[in-house]
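Right, one structure below, let's go through it.
Just so it is clear, none of the values below were taken in a lab; they were calculated from the coordinates. Quick caveat, the model's predicted, so the values are computed rather than measured. For neighbour counting, all protein chains shown are included, and Cβ atoms are generated from backbone atoms with ideal geometry for every residue, glycine included.
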Amino acid sequence: MDSFGDPRFYKALGDPTRLRLLAQLINLGRPATVSETACCIEVDLSVVSRHLSTLREAGIVRSERKGKEVHYSVRFPEIVKRLRNIADYIEQCCPSGISCRYPQRSE
């Protein structure tokens, strides 16, 4: 796998509902259950649970079972590392002060 990591990471971040759930987890600032995380959107808990599972499988959140509940938390270092890799790659391709534009299409 290249330095950008698993493509599932980026696909998981491409869904608006998952982004809202991720933002809710970040705002809570602590591990949270599915129902705590779901308070920001109006969908069934089963849908929220599937979205959180997708985020977990993509390495964006981690889950920990506590009794009958599963608590989700954000994997900040992993997110920062992958996004930093992309930013570094872009900077290498397009150094500061240089215009990086795609050629105009001729119609």
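Is there any pair with a first residue in the stretch 61-78 that is under 19 Å from Asn27 (Cβ atoms) and a second that is of a type in the set (Phe, Trp, Tyr) and surrounded by 15 or more Cβ atoms within 10 Å (Cβ to Cβ) whose Cβ atoms are under 7 Å apart and which are 6 or more apart or on different chains, and what are they?
Val61/Tyr72; Ser63/Tyr72
How many residues are surrounded by 14 or more Cβ atoms within 10 Å (Cβ to Cβ), of a type in the set (S, T, N, Q) and out of contact with any Lys or Arg (no Cβ under 7 Å at 6 or more places or on another chain) when one looks only at the stretch 18-54?
Number of matching residues: 5.
Here is a list of conditions, (1) out of contact with any Ser or Thr (no Cβ under 9 Å at 6 or more places or on another chain); (2) under 28 Å from Asn85 (Cα atoms); (3) free of Cβ contacts under 8 Å to residues at least 12 places away in the same chain; (4) not small (Gly, Ala, Ser), and Ile26 meets all of them except one; can you say which number that is?
For Ile26, the exception is condition (3).
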